[in-house]
Amino acid sequence: MSKKTIESELGSILKQVTARLSKANTLEEVYAVRNEFSGKGSVLQQLLQSLKELSPEDRPLVGAKVNEAKKSIESDIERALLFLANKESIEKDEQRDIDVTAPFHVSNPHVAPFDSIGTPHPLQYEINRMLDIFTSMGFIPFEGRELDTDYYVFDSLNMPKEHPARQNWDTFRTEDNLIPTPHTSNMQVRIMRHLKTAPLRAVIYGRVARNEAADAVHGHTFYQIEGLYIDKGVSVSNMIATINAFVEAFFGRKVVGKIQPGYFPFVEPGIEYMGQCPFCDGVGCVSCKHTGWLELVGAGMIHPNVLREGGFDPKEYSGFAWGLGLDRMVMQRNGIQDIRSLFASDIRFLQSTI
């Protein structure tokens, strides 16, 4: 068989396959086309065996064309199989005598009206509440980025190169060395450069990720709310008063607060804001682990190096920043014992918390 003959045969085979597949109405008919043209002992198999009759110079070129035709035929067959399988599935669904979406059970055909069309997720519900509180205080909301660079996550926040948070056992990294953000603080310098002028009031919300084992009170993915305030003459007392006002608005009652020293590279000095447990009035309960106090907010005066990165002169301006774990606050406010419940998609749990 000559090169020209084989190429002519290939063209004819491709036309036959196209014609047969266009008329195929069942999966069996498509499988028959596959067996005839592409399987063992098929027309293409016989054509490949005839390559030995060609000259050594023609074999590679013609062989490549045969293989290309085989791939094209197999691709057409797979598409035909997928189309017919989907068509068969749809036809079976249409023939069912039970509507699985109907708002009643077959044993009780009474159709009761829906009493609700759904509820917001507890996390989204509390995010909205917190943003309303901060907006009423004059803060502008910003959504955080979930993927960022080393500069915004660490360098711009005065974190030294050897800081343990940069290591893989603390922070996730993608193959191209981007970071699923471990905190919403990566937005601080961006917002400073964006708003540029003082007074600057911003509140940041978003999902963050850390390389941490999950248990009842820890998660590798969770939500944070963070605030930022910059102006002339801002003091620690302004910071404490702002945090206290938010905490009381969030819990809807007077909260006794206290502060203790805390370390964060991007603030100096740093504090941890503790609130007397609003559920037991400081006596001790499950929510506060029987200590009478809840660790609510990490905060501090913005470090001069961070102010400079954001374009503010620390000799003229000062400010404070704070952050809190939203999931923990939701757990405390709703008496939730296991943080994993917030991501389990159990409709009974979700409805019971709002």
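Inspection of the range 269-282 identifies no residue that is loosely packed, with under 15 Cβ neighbours inside 10 Å and under 32 Å from the mean Cα position of the chain (by Cα).
Residues of the range 330-347 that are assigned to a loop (DSSP other than H, G, I, E, B) and either of a type in the set (Val, Ile, Thr) or farther than 19 Å from residue 130 by Cβ (or both): 336, 337, 338, 344, 345, 346.
Tell me, yes or no, whether the range 151-165 has at least one residue that is in a helix (DSSP H, G or I) and at pLDDT below 75.
Checked against the condition, which is being in a helix (DSSP H, G or I) and at pLDDT below 75, the range 151-165 yields at least one hit.
Within the range 240-256, residues that are within 14 Å of residue 203 (Cβ to Cβ) and assigned by TED's automatic domain parsing to the domain that holds residue 126 have Cβ atoms under 8 Å from residues that are of a type in the set (S, T, N, Q) and assigned to a loop (DSSP other than H, G, I, E, B) in no pair, counting only partners at least 6 apart in sequence or on another chain.
Quick check: is even one residue across the range 257-272 among the basic types (Lys, Arg) and in a strand (DSSP E or B)? Checking the range 257-272: at least one residue is among the basic types (Lys, Arg) and in a strand (DSSP E or B). The helices (runs of 4 or more DSSP H) found wholly in the range 1-67 and carrying at least 3 residues that are more than 47 Å from the chain's Cα centre (by Cα) and in contact (Cβ under 8 Å) with a residue 40 or more places away in the chain occupy 3-23.
Tell me, please, whether a residue that is assigned by TED's automatic domain parsing to the domain that holds residue 200, at pLDDT below 85 and under 31 Å from the mean Cα position of the chain (by Cα) can be found in the range 300-309. No, the range 300-309 has no match at all.
For the range 80-95, the condition of being under 30 Å from residue 351 (Cβ atoms), of a type outside the set (A, V, I, L, M, F, W, C) and modelled with pLDDT under 75 holds for at least one residue. Contact map, the range 330-350: first residue assigned by TED's automatic domain parsing to the domain that holds residue 253 and under 17 Å from residue 278 (Cβ atoms), second residue of a type in the set (A, V, I, L, M) and assigned to a loop (DSSP other than H, G, I, E, B), Cβ cut-off under 9 Å, separation 6 or more or different chains; pairs are 330/336; 331/217; 334/354; 335/286. For the range 140-154, filtered to residues that are farther than 16 Å from residue 324 by Cα and touching a residue at least 60 places away in the same chain (Cβ under 8 Å), the residue that is nearest to the chain's Cα centre (by Cα) is 146.
The values are calculated or read from the model by the stated rules, or taken from the named source; none is laboratory data. What you see is a predicted model; the values in this text were computed from it and never measured. Neighbour counts are summed over all protein chains in view; Cβ atoms, including those assigned to glycine, are modelled from backbone coordinates with ideal geometry.
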